[in-house]
Amino acid sequence: MKFDPAYLKSKHFWRDLALIFGLALVVRTLTALPQQQPSYFDAAYYYVNGVNLAEGRGFVEDFVWNYLNHPGPPPQPSHLYWMPLTSILAAVGLIAGGVSYRAAQIPFVVLSALVAPITYWLAYLLTGQRWSSWLAGLFALFSGFYGPYWTAIDNFTPFAVFGSMALALAGLENEKWRMANEEWKPETGDKRVSGSGLRLLGLMGAGVCIGLAHLSRADGSLLLIAIILLFGLRMMYYTFLRPIPHISRSIFHDLRALFLISLAYLLTMLPWFLRTYEVTGSFLSTAGTQTIWLTNYDDLFSYGRELSLQTFLAQGIGPIGQGRWWALTNNLQTVLAVWGMIFLGPLALIGGWHLRHRIVVQLAAMYALLLFIAMTFVFAFPGARGGLFHSGAALVPFIYATAVIGLNRSIEWVAERRPRWRPKTAKRIFGVGLVVMAASLSSFIYYQRVLKGNAWNGADSIYPAIAAWVAEQNPAATVMIGNPPAYRYHGGGLSVVVPNNDIETVLQVMAEYRVDYLVLDKDHPVPLAEIYDHPEAQSDLSLLQTFRPGSGQEIYIFGER
């Protein structure tokens, strides 16, 4: 596998990138077309706040969806838990195409199509083989469990693009291929970029991408931590364990790299730091860090419940261990089934081990390890409920690129022991077979998540009727409901989330936030089961309206007596 730096300048390379980007754009467009609305909480949140940005209202949201840091009544400042870039991208589409879910999808369709050429590029840098690069790019074209979510109004796509580019640029800055690129002489008439210029652009680009990834997800800061940690370990290793010539120059180079990456990151994040400081008095909101102390996921929606080290330890060693074990088993399934599409995971491990000396692979592995630890043992409940899934998107190009290398190495290992095997033919046969498997699995998942039973577009289908009923009763009403962003998307007004508390606390919240109506559905908090099961027998609440979208799915609207 000999890498040819001149190929990166050739028309064949750029033609391949354009072709795979075009294929990805077609696939992403076809994926987006059946998705006509946000189908889950996160997507509705980013979309309705993107509408506010597009309409010139700024970073404001018309609901309260958690009670961390005790927010005031809606409308209130937005994105104090989730980061803003997804809503900003949605707003770009809305400004360009008008206020509609389809217009908001445009930036995500285009941006998600970049995942395939990024994977192709990374695979070529690691393998030096055009065929292997195409295989990796085709894996990214389908993406398994990520397929339905690339074009959703969510942070999967921006985090995958900017997170993977951050790791790739930071790692490749130190790779031998750059030195070869410095020595390559372009044809007459081409403008040659100096090696120092390439290093500077690569490092600053890595920092900017980390900043954009952080603006997509709060745990994007793990990318910077992974880079700092790996570079620090490398400096210690080559200083104390395996001294190399000109060690002082090497350390200076790594320190300069860390400085430039960190500087570009801070400059990218500075406007958001300042905005958060203006709103909260600190450069980053502390709402997200409180989830470290959750004793179960539903505590995220509790009102007035202290979340601290003391309350966390008070539950005892047994429940703490059970919660981490639950997170561990769920996250291992995510790594196997989601990250590795089941059959690519073992091949990625083989390929990653074969390339374990490459810095870019080390960085991806370091980030994967830190992410898994954080989402299993620190942010256990939000991590296992989707955090690892979301943030793992940045690893997709690395997993698919190393999986191709693992396939090649496995076939070569077998061919050495079976002389009749023709490894070149076997690589193509197995490669095509894996692409077919990836396409089949991705299509099945897409059918299950989007098309079957109109699952995607049928989510919260009763909310328009609820919003219409409330508007008819009191257009200025504030509603307490299970999914405030979806209620806003479907035409509702101000709202707060139903707290995970008993009826006495719910009544207290209704009074504090001036709530007019309480809406309970089958997914109500457990402490309110008695009210849902016996809606007409409540002394403090009056049943005002009942909706029956399906058998056993009654939705009740209450008002205070």
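What follows is calculated from the coordinates using simple rules that are stated; it is not laboratory data. All values derive from a computational prediction rather than experimental measurement. All Cβ positions, glycine included, derive from the backbone under ideal geometry; neighbour counts span all protein chains shown.
See the values below:
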| item | result |
| --- | --- |
| Principal axis box of the range 377-501, alpha-carbon based, largest edge first, Å | 80, 36, 20 |
| Volume per residue of the C-alpha convex hull in the range 383-438, rounded to whole Å³ | 95 |
| P(r) tail fraction, the chain - alpha-carbon pairs more than 32 Å apart, % | 50 |
| Count of Lys pairs (Cα-Cα under 22 Å; at least 8 positions apart or interchain) in the chain | 13 |
| Evaluated over the range 1-118, the Cα radius of gyration and Dmax, each in Å | 18.8, 62 |
| FRET efficiency, Ile251 to Leu369 (Cβ-Cβ, R0 22 Å, nearest 0.05) | 0.35 |
| Per-residue Cβ neighbour rank within 10 angstrom, fewest leading, Tyr124, Tyr303 | Tyr303, Tyr124 |
| Cβ-placed point charges (K, R +1; D, E -1), dipole of the chain about Cα centre in debye, nearest 20 | 3640 |
| Of all DSSP beta bridges in the chain, antiparallel share, percent nearest 5 | 60 |
| Kirkwood-Stokes translational diffusion coefficient of the range 14-62, alpha-carbon pairs, 25 °C, 0.890 mPa s, µm²/s | 185 |
| Assigned charges on the beta-carbon of Lys, Arg, Asp, Glu; the range 463-560 dipole about Cα centre (debye) | 440 |
| Zero-based 10 Å bins, Cα pair distances in the range 463-560, whole percents | 16, 55, 28, 1 |
| Two-decimal Rg to Rh for the range 242-354 - Kirkwood Rh, Cα set | 1.13 |
| Antiparallel %, DSSP beta bridges [both residues in the range 463-560], to 5 | 65 |
